[in-house]
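The values are calculated or read from the model by the stated rules, or taken from the named source; none is laboratory data. Remember, it's a predicted structure, so these values are computed and weren't measured experimentally. Neighbour counts run over all protein chains shown; Cβ positions are idealised from the backbone, glycine included.
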2 protein chains.
Amino acid sequence: MTQPRSFRYVGTRPIRQDGAEKVTGRANFGADLSFPGMLWGRVLRSPHAHAKVVSIDTSAASEIPGVKAIVTSADLPEQRPGGDPTDMYDLTRNILAREKVLYEGHPIAAVAATSREIADRAVAAIQVEYELLEPVLDLDRAIAPDAPILHAELRCAGSDPKPEGPTNVASRILIERGDVERAFADADVVIEREFTTPTVHQGYIEPFACVARTTEDGQSTLWCCTQGPFTVRSLCAALLRIETSKIKVIPSEIGGGFGGKTTVYQEPLALLLSRKSGRAVKMVMTRQEVFRATGPASASRIRVKLGAKRDGTLTAAEASLAYEAGAFKGSPVVAGAMAMFAMYDLPSVRIEGFDVVTNKPKVNAYRAPGAPMATFASESVVDELAASLEMDPIEFRLKNAVRQGSVAVYGPKLKAVGLVECLEALRDSEHYRTPLSENQGRGIACGFWFNGNMQSSAQIHVNEDGTATVVSGCPDIGGSRASLALMAAEELGIPVEQIRPIVADTETIGYNDGTGGSRVTYATGTAVIEAARDIVLQLRQRAAAFWDTQLENVGYEDGKAIPLGDAAENQQPLPLSTLARRAARMGGPIVGRSTWTARGNGPSFAAHLVDVEVDPETGRVEVLRYTAAQDAGKAIHPSYVEGQYQGGAVQGIGWALNEAYFYDAEGHLQNASFLDYRMPVASDLPMIDTIVVEVPNPNHPYGVRGVGETSIVPPLAAVANAVQAATGIRFVDLPMSPPAVLAAIDRTRG
Amino acid sequence: MTQPRSFRYVGTRPIRQDGAEKVTGRANFGADLSFPGMLWGRVLRSPHAHAKVVSIDTSAASEIPGVKAIVTSADLPEQRPGGDPTDMYDLTRNILAREKVLYEGHPIAAVAATSREIADRAVAAIQVEYELLEPVLDLDRAIAPDAPILHAELRCAGSDPKPEGPTNVASRILIERGDVERAFADADVVIEREFTTPTVHQGYIEPFACVARTTEDGQSTLWCCTQGPFTVRSLCAALLRIETSKIKVIPSEIGGGFGGKTTVYQEPLALLLSRKSGRAVKMVMTRQEVFRATGPASASRIRVKLGAKRDGTLTAAEASLAYEAGAFKGSPVVAGAMAMFAMYDLPSVRIEGFDVVTNKPKVNAYRAPGAPMATFASESVVDELAASLEMDPIEFRLKNAVRQGSVAVYGPKLKAVGLVECLEALRDSEHYRTPLSENQGRGIACGFWFNGNMQSSAQIHVNEDGTATVVSGCPDIGGSRASLALMAAEELGIPVEQIRPIVADTETIGYNDGTGGSRVTYATGTAVIEAARDIVLQLRQRAAAFWDTQLENVGYEDGKAIPLGDAAENQQPLPLSTLARRAARMGGPIVGRSTWTARGNGPSFAAHLVDVEVDPETGRVEVLRYTAAQDAGKAIHPSYVEGQYQGGAVQGIGWALNEAYFYDAEGHLQNASFLDYRMPVASDLPMIDTIVVEVPNPNHPYGVRGVGETSIVPPLAAVANAVQAATGIRFVDLPMSPPAVLAAIDRTRG
């Protein structure tokens, strides 16, 4: 692919098209839609973390005036176990518990009533008989020989030897390369540490919310906030066992997802309730429900062993990762295992991973799923190794950093990547040279994310006055409408203000996988570029017909069909606006289209630099300064690239310093609110500085690579390394909250 | 084009996809949408038919609490005269009067307020100073030498000699062919008559209704009932002089249009008011407003002279038509002139037409615009001619009927057409042989309509489970979703129940001209067929890649890619559903697309047969039996084809017997309600029988021709001919209402 060297619109920073609607409060989010006569749906949730469901009696609830429908798992068809990518047998049990409840908050029944209050009363009136079981609340207990078993039918996939009996270990994976034992023997220094990280939540501002409406002919419309409207459609159709064409999903604006809004919870319940009641049904989770019963990120225990030569060359890595999946199998341990050493040229590696079920909500994706905790472990040990060799931590990393041609730990031979450039940018920064004071420390860490591909469709319609509409099907979370419009403007050669980018529903655009995996600007963006090129071809064809010449005698530049060759002698350029105005007489409406299963989204590497000050009296860690350098390939709209770097850094800082789920001994979550689950707020942090490195991705026409996820990967280790520098204490357990830090300081003081 | 001989889905009668929503009252029509905090818009309308506007004072109105915005013509930019297809100079004056008011009901100002009542009060508080002028209320007065002039700048286009001064005759057209004088000299019989028809209204059930919402960045959304959302977008953008990409038009379901909903009235006002107030603004016309201030059909005066030989051969035709345009130029006189003799082989023709402005609402299209009144005249004289030659009226028409190869009066040489087949079907019908009683009479008449083409876009998305969505942009008035789904089913080879046809908004589908001109099943249907064939090609390409063979070794039949040639030896057919499920691995989402400026919609001819009984005591005409035969080319969904035949016949019967605008001497409409404007209701009529003739249109893959309009063309004359047969009286003035018929009977009785 030829990559244009200069851009007219790409790289500029126009106001995002959804900006005015959002700052004026007009934009419609999931809970903003209401219908006359609409019902409210509410969910009965398990108060127990682990119990058999003996019976459910909804008779009293159904007699409350205003109650219009009640559903239990009996209303959902049974599913076959297995399946790719989603195990529907598990999913239907997560939507509504069947044999057992597996976490506090696990849905058991749902009610639709004429008001939210009546629905809540009816939920309270449902009688459930439980047989209580001991809850499994952490990895230790889960793998203990006498552990209570969550799923009697679960056998460990990938275990060697073959699994015999029931277990809470759903699977074991192994990544192996080179002769690890010999490589460790060759090392001059070997460091081994074990780390733990707690369950954390994405903490998106907007709770799950939806409205479902089913008509008498079984046709449903579902408005909801989601990262993937087509995913919601697929999953709901499969759960209800109806055709996808029976469900139209209209994505609302979305107040954050970070991976957490890639599956369904109450959406199938709203559909069921609307089908049963014949009315529109609205369901909006409380923040408590979001914390208790939507997918957080895995808690983990990770052991890392790294060896290096005296000159700083890494020789071998070994790791063992155990990730909590929550109530049903499927933690991101594989991704964590593949990502944790991806920054380095490592000839010998052995990584073992375990996916472990516990009586907590089933985990879901959270920004670079699996990588932050694994990289917290690997980059902590890397730092310690550099220190033990008395090497500058950036120089140590530069010495081992992957570059074009390196074979990545996770398999492929890398094309152009920007890790070295990120490290060099930090090394050469003013930030890195600024002196520190007492109780202050500076940390660095690298991070990597694969970046996703999947399916995308795009359409562009040229309007009769020469303006254009860009239609995609991926909800805009981080400014993708702006970046797609910029790419269309670049190709069509018309001002970006004349382009209206929209996110369509599942009926009006071809299939699109969701907004996730940092894939939209790359995968959907490429589809938009191809759709625009489809239009440019049509414009050239029309000009050729008009000029009575061959297609090769028509170029396209700067928004105009240009006569070339013979045609240049007696023809004038034809602007897009003229061709648009004459469309009816030149072949009809002008529509560009492109669909593909994306390939080639380039990996994005980052290096983060952070200064902290640790208050020895309180244990509070203050982030003084933070610089995130990351490779964007090509930043289409630099403001939103910077925003991604900043947002990921902030979430990583929260994970490092404060965030954690606290359970009591019975498995009741103790801090299911933003008051008690302490995420960083603006006043907690300095401005996050950014360095946008641009090493073009050779697979994209403009060089784009995904940027959304990598930024959350380095901060956990970067902050831990800075705290180590400030205190001399190596923290291996997150979060480094004031009590934990103070306790460690006190221990050191003796 | 190859036309398949047999069909699997086309020609069947599945339940229409919007059926359940409509019969359960769930479907959303124009007035069904409301927003919290929404304002109501109301219009100040002229109480005078003709006056200068001296001044408008909105100060008192603007001080009423709850009034949020007021607009007058000063808020609309001035436009240049002329323009194609719409004269924006006239249109902006019809939206809001400037120098003059030109009909009772002419909008002068619009108000948005927090309730409809407050808006009405504010409208009443606007002070307008008028200088009254004499109104011009009929064609006679309009062309009188001392007539008041509506538009000082109007000169008669096409007049010969060149026009000198101001006039109310906006244009003159002439159609001439052969030597008319000699042809009349050759005739054995010549009959000449003059006819008049009154102003009538389409009488759609749903009044105009819309909601407009404009945000701070100037982006507007407009929900409205319209036949043409893209037309609404274009016209509003031009009237407000903003880009089309600033307006999204979402068409609601539509309760009838019949040509009347092809332009804008209050939509630009709602946009202006929402822009001024920053709030959503809803506007819903009353029935009175619909009658007084939306476009009815032209009143006409038509002189027809026809000559024939003794053997029944028509030799010559001459006609002069004057059509009222209402307040602004643009009656459908040209179409009437071209259509009135189109049923016959006529070597010599001379037709003159005049477009005349009067102080009534500007006319708009009404089903086969211009043809019913002209054909009332021509087919009345044809009947009289047959009678005077003592020929059976069907045989007389058969003798002169156009067929393949005939040169139509309006110009082209005809391809296959079905007039002869329609006439033969009636001649051979049991209806035609049934004896009649006293005071009963039987009438026949033919009719023709061109059928329109214009621009269409269609998309088809194949969902991951093998179901599909068919996206078009033409509002479904007469069942077009059903017919488009059937055509897609036929091409894709999957059951029609697996296809979801939808009407998209102006942002999510390529440009589409409106639902009108009987064009959708032909023009958009062809686009759907082409989009489906685009998909079939993609499926064959994917199968070829999967089988590692050439494209020519892959056929497609019955919903499956079929191995041919070498491939047939070791491959099994691949159903669409399998290819859909594997789409991600075989190239990505499957989207078919087609856009075109249609050509070749075949003309549709009809012949109608009606029995009436005339009550000599009251003058009431009762329709006893009615059979409508019409050529559909190919009936995709026969029920909706029959529905079109029935609906057109009923509207034509109403026009013939009862409908008319009554004005007082000052130009005030006296019967602006469904009580006083008497349209036929179900209890007035027998079941309308239909005969669906199918002479394939060679331009369409299945032979489709438009069917929606022709059916209103024959009834006026058919009923008049039946009344003549029952009473011996030739009625030349419509409507043949009881008082008019009784007066004529009384006159005959002497």
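Some observations on this one:
- Taking each residue of segment A:35-48 that is within 14 Å of chain B (Cβ to nearest Cβ) and looking for partners that are assigned to a loop (DSSP other than H, G, I, E, B) and buried (at least 21 other Cβ atoms within 10 Å of the Cβ) with beta-carbon atoms closer than 9 Å, six or more apart or interchain, yields A:Phe35/A:Ala280; A:Pro36/A:Ala280; A:Gly37/A:Ala280; A:Met38/A:Ala280.
- No other residue among B:Tyr522, B:Tyr511 is within 13 Å of another protein chain (Cβ to nearest Cβ) and either surrounded by fewer than 24 Cβ atoms within 10 Å (Cβ to Cβ) or of a type outside the set (D, E, K, R) (or both) apart from B:Tyr511.
- Residues (assigned to a loop (DSSP other than H, G, I, E, B) and more than 10 Å from every other protein chain (Cβ to nearest Cβ)) located in segment A:17-34: A:Gly25, A:Asn28, A:Phe29, A:Leu33
- Residue match in segment B:18-31 (condition: among the β-branched types (Val, Ile, Thr) and surrounded by 13 or more Cβ atoms within 10 Å (Cβ to Cβ)): no
Matching residues to (1) under 30 Å from A:Gln219 (Cβ atoms); (2) in contact with a Leu (Cβ under 9 Å, 6 or more places away or on another chain); (3) aliphatic (A, V, I, L, M); (4) in the same structural domain as A:Pro372 (by TED's automatic domain parsing):
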| site | (1), (2), (3), (4) |
| --- | --- |
| A:Leu273 | yes, yes, yes, no |
| A:Ser277 | yes, yes, no, no |
| A:Lys282 | yes, yes, no, no |
| A:Gln288 | no, yes, no, no |
| A:Gly312 | no, yes, no, yes |
| A:Thr315 | no, yes, no, yes |
| A:Leu321 | no, no, yes, yes |
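- Selection status of A:Arg533, basic (Lys, Arg), within 30 Å of A:Arg582 (Cβ to Cβ), crowded, with 19+ Cβ neighbours inside 10 Å and touching a helix residue (DSSP H, G or I) at 6+ places or on another chain (Cβ under 9 Å): no
- Of all residues in segment A:450-477, those satisfying the criterion of being facing another protein chain (nearest Cβ under 10 Å) and of a type in the set (Val, Ile, Thr) are A:Ile460, A:Val462, A:Thr467, A:Thr469, A:Val470, A:Val471.
- Taken together, A:Arg275, A:Arg241 contain a single residue that is surrounded by fewer than 24 Cβ atoms within 10 Å (Cβ to Cβ), on the phi > 0 side of the Ramachandran plot, basic (Lys, Arg) and within 14 Å of chain B (Cβ to nearest Cβ), which is A:Arg241.
- Residue among A:Thr286, A:Thr197 that alone is touching a Ser or Thr at 6+ places or on another chain (Cβ under 8 Å), within 30 Å of A:Val650 (Cβ to Cβ) and either β-branched (Val, Ile, Thr) or more than 14 Å from chain B (Cβ to nearest Cβ) (or both): A:Thr197
- Residues that are of a type in the set (Ser, Thr, Tyr) and more than 22 Å from A:Ala489 (Cβ to Cβ), drawn from segment A:531-556: A:Thr549
- Condition check for B:Ile460: part of a strand (DSSP E or B), under 30 Å from B:Pro251 (Cα atoms) and more than 17 Å from the chain's Cα centre (by Cα): yes
- Qualifying residue in segment B:26-40 (condition: at pLDDT below 95 and either more than 30 Å from B:Glu206 (Cα to Cα) or basic (Lys, Arg) (or both)): yes
- Complete set of residues in segment A:478-508 that are closer than 30 Å to A:Ser220 by Cβ and within 7 Å of chain B (Cβ to nearest Cβ): A:Arg500, A:Ile502, A:Ala504, A:Glu507, A:Thr508
- Condition check for A:Arg172: in contact with a strand residue (DSSP E or B) (Cβ under 8 Å, 6 or more places away or on another chain), under 30 Å from A:Ile149 (Cα atoms) and either without any contact (Cβ under 8 Å) to a residue 12 or more places away in the chain or basic (Lys, Arg) (or both): yes
- Residue in segment B:613-634 that is out of contact with any helix residue (DSSP H, G or I) (no Cβ under 9 Å at 6 or more places or on another chain), buried (at least 17 other Cβ atoms within 10 Å of the Cβ) and within 30 Å of B:Pro698 (Cα to Cα) present: yes
- Scanning segment A:164-193 for residues that are assigned to a loop (DSSP other than H, G, I, E, B) and either aliphatic (A, V, I, L, M) or closer than 26 Å to A:Tyr410 by Cβ (or both) yields a count of 3.
- Odd one out for B:Glu117 among (1) free of Cβ contacts under 8 Å to residues at least 60 places away in the same chain; (2) part of a loop (DSSP other than H, G, I, E, B): (2)
- Hits in segment B:482-514 (condition: touching a residue at least 60 places away in the same chain (Cβ under 8 Å), farther than 15 Å from A:Gln459 by Cα and not in a helix (DSSP H, G or I)): B:Gly493, B:Ile494, B:Pro495, B:Arg500, B:Pro501, B:Val503, B:Asn512, B:Asp513, B:Gly514
- Condition met for A:Ala408 (under 27 Å from the mean Cα position of the chain (by Cα), within 14 Å of chain B (Cβ to nearest Cβ) and not aromatic (Phe, Trp, Tyr)): no
- Lone qualifier among A:Gly517, A:Gly565 - being buried (at least 21 other Cβ atoms within 10 Å of the Cβ), over 27 Å from A:Asp465 (Cβ atoms) and more than 13 Å from chain B (Cβ to nearest Cβ): A:Gly517
- Yes/no for B:Ile729 being under 28 Å from B:Leu414 (Cα atoms), modelled with pLDDT of 95 or more and not charged (D, E, K, R): no
- Extreme residue, farthest from A:Asn721 (Cα to Cα), among residues of segment A:194-213 that are part of a strand (DSSP E or B) and of a type outside the set (Val, Ile, Thr): A:Arg213
- Residue pairs meeting the criteria (Cβ under 7 Å; at least 6 apart or on separate chains; first outside any helix (DSSP H, G or I), in segment A:636-654; second surrounded by fewer than 21 Cβ atoms within 10 Å (Cβ to Cβ) and charged (D, E, K, R)): A:His637/A:Arg13
- Taking (1) within 14 Å of another protein chain (Cβ to nearest Cβ); (2) in contact with a Phe, Trp or Tyr (Cβ under 8 Å, 6 or more places away or on another chain) in turn, B:Val417 satisfies each apart from (1).
- Set side by side, the residues A:Leu734, A:Leu742 differ, and just one is more than 30 Å from A:Glu490 (Cβ to Cβ), in contact with a strand residue (DSSP E or B) (Cβ under 6 Å, 6 or more places away or on another chain) and in contact (Cβ under 8 Å) with a residue 12 or more places away in the chain, which is A:Leu734.
- The residues on offer are B:Ala61, B:Ala74, B:Ala49, B:Ala69, and the sole one that is within 30 Å of B:Pro107 (Cβ to Cβ) and surrounded by fewer than 16 Cβ atoms within 10 Å (Cβ to Cβ) is B:Ala74.
- With respect to the stated conditions, B:Leu414 fails to be touching a helix residue (DSSP H, G or I) at 6+ places or on another chain (Cβ under 8 Å) and touching a residue at least 60 places away in the same chain (Cβ under 8 Å).
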